[in-house]
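The values are calculated or read from the model by the stated rules, or taken from the named source; none is laboratory data. In this text the structure is predicted, and so the values were computed from the model without any measurement. Every residue, glycine among them, receives a Cβ derived from its backbone with ideal geometry; neighbour counts consider all protein chains shown.
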Amino acid sequence: MRCVLVTGKGGAGTTTVAAATAVLAAQRGHRTLLLSVDPAAGLSGVLDHPVGAQETELEPNLTGRQVDLRQAVEARWPAVRAVLAHTWPSVAIDPMELEELAFLPGAIETLTLLELRDGLTAGHHDVVVVDGGPLAGMLRLLAFPETLSWYCRRLLPPDGAFARWLRPGFGRSVFGGRWGSLAAPAYDTVSRIHRAAIDLRAILTDQATTSVRLVLTPQGGALRAAQSSLTALALHGFTLDGVVVNRILSPIGADAWRAGWAAAHREELAELTSAFAPTPVLPVHYRAGEPVGLEELAAFGAAAYGELDPASVLGSGLAVGGDQPRVERTEDGFALTFGLPFVDGSQVDLARLGDDLVVTVGAFRRAVPLPAALRRCDVSAARLRGDRLVVSFVPDPDRWVRA
């Protein structure tokens, strides 16, 4: 099963590209689900067909679905109530209203990811094409499983300072009857959330399963925006397999004003193609009208992808980013390396936070869990080697002796 995550610059036509990708994939024989996780995407308008919270058949091999967070809360609330059924009577508070649950911190990301996970693991599709909307929101969503896992590790052993408060039996003795009864279900819930976050993170960062497709327009600064996007994706371990450059003006039959814009678009496209090689950069020219409906979307997709299979990893697997941190043995100790393209040393900041290495690049930050061996080491140096960040570690003698 394949997952193609379509995201990019706001207003660049992300929804159109996602829909065209799904329609073309279905027409080429793949059982395809087009899933929108962007509530403002307007997927129904692009398809010219109503799409709701349940899968809607659009044509053979193609179904569509728009994530509806309120319905997701309603659908999942009975399971939550069942877990807490024996505790509500003993706690002197009323259950929260369903609408309020969606406003809890992290609730939107959790619900959206659960809906995405269900689509990916249902087994009814060969490919799931996700309309993710603007990159900033999509990146927060994609990074959320690791963030959630980070918080869960602070609550669960062996790292959790508060794990003993959640362990069955201890919470009951400390807090007493009413609140003590919450210890066992709370501990079990956090454990299950942690496992789910790890599993979903593994799916999203598996290069063979999941890749990101970036949508841009050839305006001034397109190259810098694309490079920043790839840096952010690579920092979090996600794979970019293609860049779609939408709304390119053709010089054919153009007046002087349009010819000038067409020349500027050609320059931007050439820079993008050179900078991202060998990752495919797919140009799409302005059409006479906005592609609406399955027939127009199929034509749009065919113009964008040509002979490429929209459901595969584009460029025969020549995708960039997406590699997970690797540990290498060195003369003095170890080195932790991972891809970090289009940055220089002045943009990178490192900090050690317990058993995590916090890497900050501009506005983007990631806490990288360190393997067991590196937890007993000190950071000695860091440098960029080409498009890779190399962090050197030397063993801490005291901690190695105790181990």
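Collect the residues in the stretch 54-67 that are closer than 19 Å to Leu141 by Cα and either in a helix (DSSP H, G or I) or among the aliphatic types (A, V, I, L, M) (or both), keeping them in residue-number order.
Restricting attention to the stretch 54-67, the residues satisfying the condition of being closer than 19 Å to Leu141 by Cα are 65-67.
Listed by number, the list holds a single entry, Val67.
Of the residues Ala263, Ala288, which is over 29 Å from the mean Cα position of the chain (by Cα), in the same structural domain as Val51 (by TED's automatic domain parsing) and not in a helix (DSSP H, G or I)?
Details: Ala263 fails: not in a helix (DSSP H, G or I).
Ala288 is the lone residue from the list that is over 29 Å from the mean Cα position of the chain (by Cα), in the same structural domain as Val51 (by TED's automatic domain parsing) and not in a helix (DSSP H, G or I).
Quick one: Leu166 ticks every box in (1) out of contact with any Ser or Thr (no Cβ under 8 Å at 6 or more places or on another chain); (2) buried (at least 22 other Cβ atoms within 10 Å of the Cβ); (3) at pLDDT 75 or above bar one, so which box is it?
In the conditions (1) out of contact with any Ser or Thr (no Cβ under 8 Å at 6 or more places or on another chain); (2) buried (at least 22 other Cβ atoms within 10 Å of the Cβ); (3) at pLDDT 75 or above, Leu166 misses (3) alone.
Across the stretch 1-59, what is the total count of residues that are closer than 17 Å to Ser211 by Cβ and β-branched (Val, Ile, Thr)? Write out each step before concluding.
The first filter runs over the stretch 1-59 and keeps only residues closer than 17 Å to Ser211 by Cβ, leaving 1-8, 14, 17-18, 20-22, 24-25, 30, 32-35, 37.
Those left that are additionally β-branched (Val, Ile, Thr): 4, 6-7, 14, 17, 21, 32, 37.
Number of matching residues: 8.
Can you go through Ser173, Ser181 and tell me which one is in contact with a helix residue (DSSP H, G or I) (Cβ under 9 Å, 6 or more places away or on another chain), over 27 Å from Leu34 (Cβ atoms), of a type in the set (Ser, Thr, Tyr) and modelled with pLDDT under 55?
Ser173
Can you say whether Ala372 is over 19 Å from the mean Cα position of the chain (by Cα) and outside the structural domain of Ser228 (by TED's automatic domain parsing), as far as the supplied structure shows?
On the way: over 19 Å from the mean Cα position of the chain (by Cα): yes; outside the structural domain of Ser228 (by TED's automatic domain parsing): yes.
Here the answer is yes, as Ala372 does meet what is asked.
Could you go through the stretch 213-223 and let me know if any residue there is surrounded by 15 or more Cβ atoms within 10 Å (Cβ to Cβ), out of contact with any Gly (no Cβ under 6 Å at 6 or more places or on another chain), of a type in the set (Lys, Arg) and in contact (Cβ under 8 Å) with a residue 40 or more places away in the chain.
No; the residues of the stretch 213-223 include none that is surrounded by 15 or more Cβ atoms within 10 Å (Cβ to Cβ), out of contact with any Gly (no Cβ under 6 Å at 6 or more places or on another chain), of a type in the set (Lys, Arg) and in contact (Cβ under 8 Å) with a residue 40 or more places away in the chain.
Does any residue in the stretch 385-397 that is assigned by TED's automatic domain parsing to the domain that holds Asp356 come within less than 6 Å, Cβ to Cβ, of a residue that is of a type outside the set (D, E, K, R) and part of a loop (DSSP other than H, G, I, E, B) six or more places away or on a different chain, and which pairs are these?
Close Cβ pairs satisfying both conditions: Asp387/Pro341; Leu389/Leu340; Phe393/Gly333; Val394/Gly333; Pro395/Gly333.
Working only within the stretch 271-300, note down all residues that are touching a residue at least 12 places away in the same chain (Cβ under 8 Å) and either among the hydroxyl-bearing types (Ser, Thr, Tyr) or closer than 14 Å to Arg247 by Cα (or both).
Thr279, Val281, Leu282, Pro283, Val284, His285, Tyr286, Arg287, Glu290, Pro291, Phe300 - these are the residues of the stretch 271-300 that are touching a residue at least 12 places away in the same chain (Cβ under 8 Å) and either among the hydroxyl-bearing types (Ser, Thr, Tyr) or closer than 14 Å to Arg247 by Cα (or both).
When you scan the stretch 134-141, do you find a residue that is part of a strand (DSSP E or B), modelled with pLDDT of 65 or more and either closer than 27 Å to Ala363 by Cβ or in contact with a Leu (Cβ under 8 Å, 6 or more places away or on another chain) (or both), even just one? Walk me through how you get there before you give the answer.
We begin by selecting, within the stretch 134-141, every residue part of a strand (DSSP E or B); these are 134.
Narrowing the set further to residues that are modelled with pLDDT of 65 or more leaves 134.
Checking which are either closer than 27 Å to Ala363 by Cβ or in contact with a Leu (Cβ under 8 Å, 6 or more places away or on another chain) (or both) leaves us with 134.
Looking for residues that are part of a strand (DSSP E or B), modelled with pLDDT of 65 or more and either closer than 27 Å to Ala363 by Cβ or in contact with a Leu (Cβ under 8 Å, 6 or more places away or on another chain) (or both), one finds at least one in the stretch 134-141, hence yes.
Return the pairs, sorted by first residue and then second, in which the second residue is of a type in the set (Asp, Glu), the first residue lies in the stretch 338-357 and is over 24 Å from Cys377 (Cβ atoms), the beta carbons are less than 6 Å apart, and the residues are 6+ apart or on different chains.
Cβ pairs passing all conditions: Pro341/Asp387.
Collect the residues in the stretch 232-270 that are closer than 30 Å to Gly362 by Cβ, free of Cβ contacts under 8 Å to residues at least 24 places away in the same chain and among the basic types (Lys, Arg), keeping them in residue-number order.
Listed by number, the list holds a single entry, Arg266.
Residues checked against (1) surrounded by 15 or more Cβ atoms within 10 Å (Cβ to Cβ); (2) not hydrophobic (A, V, I, L, M, F, W, C):
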{"site": "Ser229", "(1), (2)": "yes, yes"}
{"site": "Thr239", "(1), (2)": "yes, yes"}
{"site": "Val243", "(1), (2)": "yes, no"}
{"site": "Ile248", "(1), (2)": "yes, no"}
{"site": "Ile252", "(1), (2)": "no, no"}
{"site": "Ala262", "(1), (2)": "yes, no"}
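Would you mind listing the strands (runs of 3 or more DSSP E) fully within the stretch 302-385 where at least 3 residues are among the charged types (D, E, K, R)? Let's see the steps before the verdict.
Values: elements: 326-329, 334-339, 348-353, 356-361, 364-369, 377-385.
The qualifying strands (runs of 3 or more DSSP E) are 326-329, 377-385.
Scan the stretch 194-210 and tell me whether some residue there is at pLDDT 85 or above, crowded, with 20+ Cβ neighbours inside 10 Å, part of a strand (DSSP E or B) and in contact with an Asp or Glu (Cβ under 8 Å, 6 or more places away or on another chain).
no
Do the conditions hold for Gly253, that is, is it out of contact with any Phe, Trp or Tyr (no Cβ under 9 Å at 6 or more places or on another chain) and not basic (Lys, Arg)? Step through it out loud before you land on a result.
Numbers: out of contact with any Phe, Trp or Tyr (no Cβ under 9 Å at 6 or more places or on another chain): yes; not basic (Lys, Arg): yes.
Against the criterion (out of contact with any Phe, Trp or Tyr (no Cβ under 9 Å at 6 or more places or on another chain) and not basic (Lys, Arg)), Gly253 qualifies.
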